[in-house]
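Below is one structure, written out as structure tokens; comments come after it.
The values are calculated or read from the model by the stated rules, or taken from the named source; none is laboratory data. Note that the coordinates shown come from a computational prediction; the quantities given were computed from them, not determined experimentally. Cβ placement follows ideal geometry from the backbone for every residue including glycine, while neighbour counts extend to all protein chains displayed. Areas reflect the complete protein model, heavy atoms only, side chains present, ligands, DNA and RNA absent. Shrake-Rupley method; radii C 1.70, N 1.55, O 1.52, S 1.80 Å.
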Amino acid sequence: MDVHSSYQNSDARVNHLSLDLKADFDKHTLSGTATWRVVSNGADVLYLDTRGLDIHSVKDENGEALSFSLSEDDSVLGSALRIENIRDVAQVSIAYTTSSEAEAIQWLEPQGRSPFMFTQSQAILARTWIPCPDSPGWRFTYSATIRVPNNLMALMSAENPTEKSEDGIYHFEMKQNIPSYLMALAIGDVGFAPLSERAGVYAEAEILDKAAWEFAETEDMIVAAEALYGSYEWERYDILVLPASFPFGGMENPRLTFATPTIIAGDRSLTALIAHELAHSWSGNLVTNATWNDFWINEGFTVYFEHRIMEAVYGSSYSEMLSALSRTDVIEEVEDFMKSRPEDTRLKLDLTGRNPDDGVSRIAYDKGYFFLRLVEETIGREAFDAFLKDYFQAHRFGVMTTERFLDYLKANLLSESQWEQIGVDEWVYGKGLPGNLPQVESERFALVDQAVERALEGNKPEGTDEWTTHEWLRFIQGVHAQLDTDGRNTVAQLDQWFGFSHSGNSEILAAWWQPVIAHKYTEAYPQMERFLIDVGRRKFLTPTYRALKETSQIEVARTIYEKARPSYHAVSRQTMDLLLG
Ligand code: BES
Ligand code: ZN
């Protein structure tokens, strides 16, 4: 039962999609047909999800018109497409055009640069560009023909070209069953560079070489991941580097991870994000959360898996920094949520009547991670690894609810006393953070914490030359947490020592704006404004605008937002509109 999809009202099922769409960069629309193979199960009516689609006609396999209607539009769910008399029908072909405001899609025509478009379907935005069963609990295969302007390449979450076609027509095939939120399309003037036999990267020409260097260790990650939890089921693993307005860090579209360019730091220090999206090839894409209430089944497992991949490739001194940062994040987020929305600190969510996007928080990721880490610590790594490998194998190309996972955990891994010792029910269904939250010991961070003390005493810390991004993040967070109200001079001093405001590293910049804003270090505001205009990644935007709002600088926030908003994707715009009124 998925409260975010009308497809649950359908007894009829669909199992294969063939798309034929033309991309119009002038009108900002996709138009053409979506043809679904139908298994009617004797039912007369098929329901599909749509939002903002202009449906021209619905026909069966003989070209005969089928009658259809659209339910009243809901601002989050859109409207259900009800197709009738399908009892003896083998396929339905829906002719339609997307709205130029389709929320999944961003159309970009930057001055003097090539046009670009991309989709972001998760959580329930696939329905804004394809009439579909838009629920993670249902899977289908697909093929597609996409028509684009000459000189551009089209790419999908499917078998992809590596070169541009002469005529702007591209054919795609996805043979594995996937849920709708993994439907993805991007069109741009991109090139391809191989990283290994089965991995590669697509990007616009000016960053292709940099991207290929940054992601050179992708194959090592795939090898490490397979050694942990079984073979990679999707044949190829490629990465598409998107424009900076991409609202997420990464999106695990099967065979083709979509990634923000802000992880290209020049030193390979932000590639944990690749490990994360790669890990979704198992946790998420192979075993999928049944509904958005079970989101932690996707993300908690993926953070756990991500850290294990990073540990295998770079060692535990590295992965424990990631875990320590997760720990700080989740403690902060839980503290914050307990004041305003305590029920959202549960792993199992109840998003009835809400936008599933509301469920996207550090809870699913990091509370989910620490729950699984606690299970590992309780029963030992070897047993847990064997369990996880079997879990992925047993449920491959299937869906998972929280309850079914707990049943499986009880049946296959934990004794009753271990269950009690961990406090499984409290972790999954309880609010806040249980008292047995695992500890993380990071020697490298212990050194950073000493450096924080030194800096707060007014002395320049030493030994920072060898630091990587994560140590700088810990340092900035540590100083920020301890600075008292008259910390402005310290902020200025730090900037003079380390040049944070001019860092080329987006994670460091985003962390740095926190003390900058708290202490009204306005010297750095021009750089902050530049960053907010250039980058559309929501994880960076939300805390920055929020900090401005919470320190009585909402006018500064609004002025910047007004300039930046036109270049943001709808997903980021929606969040910032709510935040800034
Ligand atoms: N699948 C998510 C992105 C997502 C979640 C999109 C929910 C829409 C709704 C992706 O795998 C993800 O978690 N991305 C993170 C990166 C990560 C390293 C934590 C992000 O974008 O920051
Ligand atoms: Zn994820």
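The table below lists the values:
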item: Tally, over the range 333-379, of residues that are part of a loop (DSSP other than H, G, I, E, B) and open to solvent by 30 Å² or more (accessible area, probe 1.4 Å); result: 9
item: Hey, Glu252 closer than 23 Å to Ser180 by Cα, touching a His at 6+ places or on another chain (Cβ under 8 Å) and open to solvent by less than 30 Å² (accessible area, probe 1.4 Å) or not; result: yes
item: Which numbered condition Ile422 fails, given (1) away from ligand 1 (no atom under 16 Å from the Cβ); (2) within 30 Å of Ser503 (Cβ to Cβ); result: (2)
item: Qualifying residue in the range 218-230 (condition: touching a Ser or Thr at 6+ places or on another chain (Cβ under 6 Å) and within 14 Å of ligand 1 (Cβ to nearest atom)); result: no
item: Residue check, Glu84 away from ligand 1 (no atom under 16 Å from the Cβ) and at pLDDT 95 or above; result: yes
item: Wholly within the range 97-177, strands (runs of 3 or more DSSP E) carrying at least 1 residues that are away from ligand 1 (no atom under 16 Å from the Cβ) and over 27 Å from Arg573 (Cβ atoms); result: 140-147
item: Single match in Gln106, Gln111 (criterion: free of Cβ contacts under 8 Å to residues at least 24 places away in the same chain, in the same structural domain as Ser69 (by TED's automatic domain parsing) and under 26 Å from Pro247 (Cα atoms)); result: Gln111
item: Selection within the range 258-304 - under 30 Å from Glu206 (Cα atoms), within 14 Å of ligand 2 (Cβ to nearest atom) and not in a loop (DSSP other than H, G, I, E, B); result: Phe258, Ala259, Ile263, Ala272, Leu273, Ile274, Ala275, His276, Glu277, Leu278, Ala279
item: Close pairs from the range 391-416: first under 17 Å from Glu299 (Cβ atoms), partner open to solvent by 70 Å² or more (accessible area, probe 1.4 Å) and of a type in the set (Phe, Trp, Tyr), Cβ under 9 Å, at least 6 apart; result: Val399/Trp138; Thr402/Tyr429
item: Residue within the range 14-34 that is touching a strand residue (DSSP E or B) at 6+ places or on another chain (Cβ under 7 Å), within 16 Å of Cys132 (Cβ to Cβ) and not in a strand (DSSP E or B) present; result: no
item: Residue in the range 50-66 that is among the polar types (S, T, N, Q), without any contact (Cβ under 8 Å) to a residue 24 or more places away in the chain, surrounded by fewer than 19 Cβ atoms within 10 Å (Cβ to Cβ) and not assigned by TED's automatic domain parsing to the domain that holds Val399 present; result: yes
item: Complete set of residues in the range 472-501 that are part of a helix (DSSP H, G or I) and either touching a residue at least 60 places away in the same chain (Cβ under 8 Å) or farther than 22 Å from Gln553 by Cα (or both); result: Trp472, Leu473, Arg474, Phe475, Gln477, Gly478, Gln493, Leu494, Gln496, Trp497, Phe498
item: From the options Gln496, Gln514, Gln553, residue that is under 30 Å from Asp577 (Cβ atoms) and open to solvent by 30 Å² or more (accessible area, probe 1.4 Å); result: Gln514
item: Residue in the range 385-399 that is basic (Lys, Arg), exposed (fewer than 14 other Cβ atoms within 10 Å of the Cβ) and over 23 Å from the mean Cα position of the chain (by Cα) present; result: no
